[in-house]
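A short worksheet on the structure shown next.
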Amino acid sequence: MPAARFEQPILSLFRIVTGLLFACHGAATLFNVLGGPHGAMPSTGEWPSWWAAVIQLIGGVLVLIGLSTRTAALLCSGSMAYAYFVNHQGDGLLPIENGGESAVLFCWAFLLIAALGPGQWSLAALLNRLARRREEVSTHLSNA
């Protein structure tokens, strides 16, 4: 199937863009950059806003580079589910009514990444290839 050859690159690009956008949210909130936080900057350790921003920044970067991707994406997905139900659901039934569209989209995007993995263009895939190559060289040298 011709389209199958694009699955891994597209998955990788989806992961990279999603991780980058999420990390930008965290950086904006924590460091008042990229347009700053959408509200007041949270104090260090403030629940839940400071912790959410830390998850956004660190989880977003891990997903972006493709390292510990499934775990990071699952944590990011859960944080967005929490954000939706705690911060948005009370303002209306549907995301369009309560301003929770981005929380819902991030939640499901990260769940998809957690289920499918990082794709071929990830730091984890690169490290696996290097480890296999090192093992092959080691095996070849010990057999010589």
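Quick one: which of Thr69, Thr139 is within 12 Å of Thr18 (Cβ to Cβ) and polar (S, T, N, Q)?
Working: Thr139 fails: within 12 Å of Thr18 (Cβ to Cβ).
The match here is Thr69.
Here's the yes/no breakdown for (1) under 18 Å from Ser12 (Cβ atoms); (2) at pLDDT below 95; (3) touching a helix residue (DSSP H, G or I) at 6+ places or on another chain (Cβ under 8 Å):
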position	(1), (2), (3)
Leu57	no, no, yes
Met80	no, no, yes
Ala83	no, no, yes
Asn98	no, no, yes
Ser102	no, no, no
Cys107	no, no, yes
Arg132	no, yes, no
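Please enumerate the residues belonging to segment 11-58 that are of a type in the set (S, T, N, Q) and within 23 Å of Leu116 (Cβ to Cβ).
Applying the first criterion (of a type in the set (S, T, N, Q)) to segment 11-58 yields 12, 18, 29, 32, 43-44, 49, 56.
Once the filter is applied, which keeps residues that are of a type in the set (S, T, N, Q) and within 23 Å of Leu116 (Cβ to Cβ), segment 11-58 yields Ser12, Thr18, Gln56.
Read through the list (1) over 17 Å from Ala83 (Cβ atoms); (2) surrounded by fewer than 19 Cβ atoms within 10 Å (Cβ to Cβ), then give the number of the only condition that Gly66 fails.
With respect to (1) over 17 Å from Ala83 (Cβ atoms); (2) surrounded by fewer than 19 Cβ atoms within 10 Å (Cβ to Cβ), Gly66 is out only on (2).
With the requirement that a residue be over 22 Å from the mean Cα position of the chain (by Cα) and surrounded by 10 or more Cβ atoms within 10 Å (Cβ to Cβ), what does segment 114-144 give you?
Of all residues in segment 114-144, those over 22 Å from the mean Cα position of the chain (by Cα) come to 129-144.
Passing the criteria: Arg129, Leu130, Ala131, Arg132, Arg133, Arg134, Glu135, Glu136, Val137, Ser138, Thr139.
Only one of Val63, Val86 is over 30 Å from Leu126 (Cα atoms) and among the aliphatic types (A, V, I, L, M); which? Give the derivation first.
Numbers: Val63 fails: over 30 Å from Leu126 (Cα atoms).
Testing whether each residue is over 30 Å from Leu126 (Cα atoms) and among the aliphatic types (A, V, I, L, M) leaves just Val86.
Out of everything in segment 82-101 that is buried (at least 17 other Cβ atoms within 10 Å of the Cβ) and closer than 18 Å to Trp50 by Cα, what residue ends up being farthest from the chain's Cα centre (by Cα)?
His88
The values are calculated or read from the model by the stated rules, or taken from the named source; none is laboratory data. None of the values given here were measured: they were computed from a predicted structure. Backbone-built Cβ (ideal geometry, glycine too); neighbour counts: all protein chains shown.
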